[in-house]
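*Asks:* One structure, pasted below without further comment.
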Amino acid sequence: MAYDAQISITVPAILADIAAKVGKGFDPDTGGEHSFSPVVIGYNGDTPIYSGNINVTTRCTSEFKAQADYLMTNPQALHDALAADYANRWTELTPPTLAECTLFCSSIIV
């Protein structure tokens, strides 16, 4: 499997809980809920200055990128994919709702 592509998703930091749920479902193994991090826009000395947004940027396969690009523009498909993944791998957790997926997709900063 060649990581020949890259995805980057940025959303307002207020959506951190939803982003963690999306990241968990996207990660093929574990730890995806920690994939989004604050966007640093500069420094005041050694202290970072944050933008108020969170971002994930990662290498991936072209196939995964195409799927992610589609899911980021289709909240129902994102919800369906995450619900299926959670039902398969994370039965003790609740996946994001359709409303959360819709908010997430509509809040992506391009």
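*Asks:* Consider segment 8-31. How many of its residues are of a type in the set (S, T, N, Q) and in a loop (DSSP other than H, G, I, E, B)?
*Replies:* Number satisfying all stated conditions: 1.
*Asks:* Inspect all residues belonging to segment 38-59 and state whether any of them is in a helix (DSSP H, G or I) and at pLDDT below 95.
*Replies:* Keep residues of segment 38-59 that are in a helix (DSSP H, G or I), which gives none.
Within segment 38-59, none of the residues are in a helix (DSSP H, G or I) and at pLDDT below 95.
The values are calculated or read from the model by the stated rules, or taken from the named source; none is laboratory data. Please read all numbers here as calculations on a predicted model, not as lab measurements.
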